[in-house]
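Notes to accompany the following structure.
The values are calculated or read from the model by the stated rules, or taken from the named source; none is laboratory data. Note that the structure is a prediction, hence the values are computed from the model and not measured. Methodologically, a virtual Cβ is constructed for each residue, glycine included, from the backbone with ideal geometry; neighbour enumeration extends over all protein chains shown. Remember, those area values only see protein heavy atoms, side chains included, never the ligands or the DNA or RNA. Shrake-Rupley method; radii C 1.70, N 1.55, O 1.52, S 1.80 Å.
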Amino acid sequence: MKKLFSLMLVASLSFALFANGTAEQAAPAAPKLSAVQQVIEEAQGMTLEELSRKAIAESNGKTFYGLGNSSRGKTALPLFIEYLKSLDPTYTLNYEWQQPKNNTIFEMLTADGQKESGTYAMTLIQDGNQIESKMVQTGVLDRFIPKDWADANKVTAASYKGYLPLQTLNKVFMYNCTGKKSYTNCWDFVMPGEHGLFMDIDSEPVGRNFLYMLTSDANAAVLKSAFDALPAAKKTALQPTIDAMAKEASGLGLGTNGKYSLAWIKLWVESYNAQTDDGPICTTLTASSATDQFGLLVYSKLRSIQESATVSKNNVKVAAYEDGYQGIGGYGYCHYLFLTDNSPLPWTACAFEAYMTCTQKGFSAWGKDIGGYSSNPNVAAENEKVFNHMKGGYDKDGKTILFPTNNDHGYDWWVNQGHLVLEDPAYCASVAFTVGGWIDSLKRFNH
């Protein structure tokens, strides 16, 4: 009885102390880091050279497997190996780079993530919405922020909340200019009778993310401002759709100008001419026979156009480059870099990601073309010095403009003047169910 009484007394006192807020409460345990996350935590405090020496010790004589939405990882890897050999001439590394088709990269990474030690050391991947929901929240991929990249962007790995972008790519409105028609406002692309060439949102999810991003307050404001600049007759034609979207916008929890976003999305989805790839779109638009056609496509596709009597880069104009153009000029999405959480070569993967994001040569596989912008301001500036994209349309003497569309105005211009709609993975994920479900309910024009 005495022992029972003592136990009851201790329990009562403990309860009283807890109720009065004087008992110590155990702090929640910090989440346990995986082996790869432990490497990343240490690696984020190292320079590229320090990382590279770790990589040499880890992977000399081994095979590195990478996976990416871009095939150019295969071009960057030999340059990376060359850099490591400059630090240690005896270093060797075999490599294999895979580019999955039909958006299967998420399934491949998920399956590989089930292994104790994965096949793929890292990935270059796009589509912020699926990255957030399928890769990061599930622990398949881990974020690494190189110290040199963070220093260049005046952030720290701890303070920076986003993913690590290798580059931003832009898709822009271009139209065939062999006729008399012009497009001076982003609402012109959704007027009755217009059918823009566009990769279907079911085959390329970044196009769907573009539509999600239009519903953000900032982009909705740009759409409203562009609408206000339209002539009266065009406003009259569009106003019924905008008015009809007011209730939908409220129901989806959008801001004051959300009805303009939904109206543009509805008109676009119900009118665009679905295509399978941006390359054929560019080929079509640059043909002299494509009078008055337009599209929303990757800007850099112009690089592949071969001049002939019937095809020319001078047969198209970039809408946002024209004087007086109003509204969004296109959208931007990123190629992001991640380590797999079961990476077999985490130090080498960290060093490779730092090399691509912190050196011009490492970025050169992508930086050689217009329409792709390094996320590192120092690399972006150096890349422009090497490739001179802002004069990409000039002849070799740098004095005569041959192809005005190839004079890339640069990332800052596109964001600030061209009103490029930039992908925000967290925002896309937050509206994927609500806005995404509404988009799926719309009737598609796919002819």
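Among the residues of region 120-141, those identified as surrounded by fewer than 18 Cβ atoms within 10 Å (Cβ to Cβ) and among the polar types (S, T, N, Q) are SER133, GLN137, THR138. Just to be sure before I move on: is ILE201 open to solvent by less than 10 Å² (accessible area, probe 1.4 Å) and within 28 Å of the chain's Cα centre (by Cα) in the structure I sent? When the stated conditions are applied, ILE201 passes them. The set of residues in region 399-423 that are in contact with an Asp or Glu (Cβ under 9 Å, 6 or more places away or on another chain), assigned to a loop (DSSP other than H, G, I, E, B) and open to solvent by 30 Å² or more (accessible area, probe 1.4 Å) comprises LEU402, PHE403.
Given the structure, is ASN69 at pLDDT below 95, under 26 Å from ALA121 (Cα atoms) and surrounded by 14 or more Cβ atoms within 10 Å (Cβ to Cβ)? So ASN69 fits the description; yes. Output yes when any residue across region 250-257 is out of contact with any Pro (no Cβ under 7 Å at 6 or more places or on another chain), farther than 22 Å from TYR331 by Cα, in a helix (DSSP H, G or I) and without any contact (Cβ under 8 Å) to a residue 60 or more places away in the chain, and no when none is. Scanning region 250-257, I find at least one residue that is out of contact with any Pro (no Cβ under 7 Å at 6 or more places or on another chain), farther than 22 Å from TYR331 by Cα, in a helix (DSSP H, G or I) and without any contact (Cβ under 8 Å) to a residue 60 or more places away in the chain, so the answer is yes.
Got a sec? Which of ALA349, ALA354, ALA380, ALA365 is of a type outside the set (Asp, Glu), open to solvent by less than 20 Å² (accessible area, probe 1.4 Å) and under 26 Å from ILE305 (Cα atoms)?
Checking each option against the conditions leaves just ALA365.
Summed over region 424-447, residues that are touching a residue at least 12 places away in the same chain (Cβ under 8 Å) and assigned to a helix (DSSP H, G or I) total 11.
In region 151-175, how many are surrounded by 20 or more Cβ atoms within 10 Å (Cβ to Cβ) and either among the aliphatic types (A, V, I, L, M) or out of contact with any strand residue (DSSP E or B) (no Cβ under 6 Å at 6 or more places or on another chain) (or both)? Adding up the residues that qualify gives 5. Residue count for region 358-382 satisfying the condition of being part of a loop (DSSP other than H, G, I, E, B) and under 16 Å from HIS409 (Cβ atoms): 3. Pairs meeting the criteria (first residue in region 290-309 and touching a residue at least 40 places away in the same chain (Cβ under 8 Å), second residue of a type in the set (Val, Ile, Thr) and in a strand (DSSP E or B), beta carbons under 7 Å, at least 6 apart or on different chains) are TYR299/VAL172. Looking across region 196-213, the residues that are at pLDDT 95 or above and farther than 25 Å from ASN176 by Cα come down to ASN209, TYR212, MET213.
Scanning region 383-398 for residues being in a loop (DSSP other than H, G, I, E, B) and open to solvent by 20 Å² or more (accessible area, probe 1.4 Å) gives a total of 6. Reported count of residues in region 177-188, each being buried (at least 16 other Cβ atoms within 10 Å of the Cβ) and farther than 23 Å from ILE265 by Cα, is 2. When ALA426, ALA432 are checked against the criterion of being surrounded by fewer than 15 Cβ atoms within 10 Å (Cβ to Cβ), under 27 Å from GLN130 (Cα atoms) and within 20 Å of the chain's Cα centre (by Cα), ALA426 stands alone in meeting it.
When you check THR110 against the structure, is it open to solvent by 50 Å² or more (accessible area, probe 1.4 Å), under 29 Å from SER430 (Cα atoms) and of a type in the set (Val, Ile, Thr), yes or no? It is true that THR110 is open to solvent by 50 Å² or more (accessible area, probe 1.4 Å), under 29 Å from SER430 (Cα atoms) and of a type in the set (Val, Ile, Thr).
For GLU96, the stated conditions hold: it is assigned to a strand (DSSP E or B) and open to solvent by 60 Å² or more (accessible area, probe 1.4 Å).
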